[in-house]
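Inspection log for the structure reproduced underneath, given as structure tokens.
Derivation of every value follows stated rules applied to the coordinates shown; laboratory data play no part. As the structure is a prediction and not an experimental result, all values here were calculated from the model. Cβ sites come from the backbone with ideal geometry, for glycine too, and all protein chains shown count toward neighbours.
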Amino acid sequence: MIIADELINWYRNNGRDLPWRHTKDPYIIWLSEIILQQTRVEQGMPYFYRFVESYPNVKAFAEAGEGELLRLWQGLGYYSRVRNMHKAAKMVMSDFECVFPTQYEEVIKLSGVGEYTAAAISSFSINEKKAVLDGNVFRVLSRYFGIDTPINSTSGKKQFLALANEVISDSHPGLYNQAIMDFGATVCKPKAPDCENCVLSLDCVALKNGLVANLPVKIKGKSSRNRYFHYFVVEKEGAYLFAKRGENDVWANMYEFPLIETQQEVSLEELKEQDEYKVYFGDVEIEEIGEPIKHILSHQNIYARFYRVVDEQNNIEKKPSWNYYNSDNLDKLAKHKLIFSFINKYFMN
Ligand code: SF4
């Protein structure tokens, strides 16, 4: 297929030189692929190095404590990914005789590994002819072939997967997979693709028909739920009050400042009228820190406000799950991204 040869040629001359591209080790490929899901390369790179250094092989990863992994992961978000990685590493130890699998049909059995990651691992490590299909690949294929089937519909996924497996290179499937993803990330970008310098421009249907900005097509998903979080930053003699989240909500088992959630947006004065507030904070002095923050998760928009609480008289009624942690030890708590970013912004200057 012309598209495959063109992309491989382009990649050989222009592909980004990323550290995980120099290995055939399925464990390292797996680490990089999961870290980079929903994450920009520049953001994921330091995490990749940190994980490789701390856990150079799957055995070390499997033997790590969950808290330790969450801590190393903090700032990346989507914490279920690292939990699934832990499960997967343990599965490698128990079900695969401690050897990280390379064949697609085996890799896909691992926890947290879907079709995309299994195709990436098997094609990059042993050149198995399995096409990857991520956002970049959807975009390049839909534009190049001028396909307007929604990429997030069942029929769209089927159609694009079949097409991806049809156009994949017979001789260099791993290289082709890397090429098309890199090409989508750097040339055929979602906004402002570089059509002028594109090696596929001669045969690109979207370019020919003025459809570049309309493709790929996506059906609008269900709307997100709004949630209103009020965090209380309570400091006492160099220690901060932190709470561990429960199991059944976002950011399970991660640490954060004590929280009151309200059903709608409320002012500080209205917040003070809430029963929960009165129970825990009564008449203590309180002031808002910074601007409200909007934090978007899949299907949830979190609107967060932070308040500094002065509690010299010991008036706060602590929940049993709230504990003081010395500021020197805050690094050791696995905090979710919202808290992690807040601390970096307001405490690390
Ligand atoms: S010509 Fe433009 S739209 Fe078509 S593949 Fe190239 S960059 Fe993408």
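When the chain is treated as a GNM with alpha-carbon contacts under 10 Å, the residue of ALA89, ALA192, ALA179 showing the greatest mean-square fluctuation is ALA192.
The range 90-137 and the range 296-349 have Cα centres lying 37 Å from one another. How large is log10 of I(q)/I(0) for the range 30-119 at q = 0.14 Å⁻¹ when the intensity is taken from the Debye formula with one equal scatterer per alpha-carbon? The Debye formula, applied to the Cα set alone, gives -0.45. In a reduced charge model with +1 at each Lys and Arg Cβ and -1 at each Asp and Glu Cβ, the range 225-346 shows a dipole moment near 660 debye about its Cα centre.
Tilt of helix 80-95 relative to the longest C-alpha principal axis of the chain, in degrees (0 to 90, nearest 10)? In the chain, helix 80-95 runs at an angle near 60 degrees to the longest axis. With each pseudo-label sitting 7 Å past Cα toward Cβ, what's the ASN9-ARG225 distance in nm, one decimal? Calculated label separation equals 5.3 nm. For LYS208, the lysines whose Cα falls under 18 Å of its own Cα, not counting residues fewer than eight places away in the same chain, are LYS189, LYS191. By DSSP, the beta bridges lying fully in the chain are antiparallel in about 70 percent of cases. Dipole check for the range 115-156: with +1 at the C-beta of Lys and Arg, -1 at the C-beta of Asp and Glu, and the Cα centre as origin, the magnitude is about 100 Debye. Over 21 Å apart at the Cα level, from the set LYS59/LYS335; LYS109/LYS332; LYS294/LYS335; LYS130/LYS222, are LYS59/LYS335; LYS109/LYS332; LYS130/LYS222. Axis of helix 26-36 versus longest Cα principal axis of the chain: the two differ by about 60°, to the nearest ten degrees. Farthest toward the dipole's positive end in the range 225-346, which of TYR228, ILE302, PHE242, given Cβ charges of +1 (Lys, Arg) and -1 (Asp, Glu) about the Cα centre? About the Cα centre, the residue reaching furthest to the positive side is ILE302. Entry note, the range 275-349: relative contact order of 28 percent, from Cα contacts under 8 Å with a spacing of 6+ residues.
In terms of its Cα atoms, the range 107-248 spans 67, 38, 30 Å along the principal axes, sorted from long to short. Straight-distance candidates among the aspartates and glutamates for linking to LYS24, with alpha-carbon spacing under 14 Å and chain neighbours fewer than 8 residues away dropped: GLU33, GLU128.
Annotation: for a label point projected 7 angstrom from Cα along Cα→Cβ of PHE347, residues of the range 251-285 with backbone N closer than 16 Å are 254-259.
Orientation-averaged projection of the range 225-346 equals 7.4 nm² [convex hull of Cα atoms, one quarter of hull surface area]. Compactness of the range 202-260 was expressed as the Cα radius of gyration divided by 2.2 N^0.38 Å, which yields 2.24. In this simple spin-label approximation, VAL310 and ASN197 carry label points 7 Å from Cα along the Cα→Cβ vector, and these lie 5.7 nm apart. A Cβ-based charge dipole, computed about the Cα centre of the chain with Lys and Arg at +1 and Asp and Glu at -1, lands at about 880 debye. For SER321 and THR154, the FRET efficiency from 1/(1 + (r/R0)^6), where r spans their Cβ atoms and R0 equals 41 Å, is about 0.45.
The tail of the calculated P(r) for the chain beyond 29 Å holds 51 percent of all Cα-Cα pairs.
Under 15 Å from a label point set 7 Å out along the Cα-to-Cβ vector of ASP170, the amide N atoms of the range 1-37 belong to 1-5.
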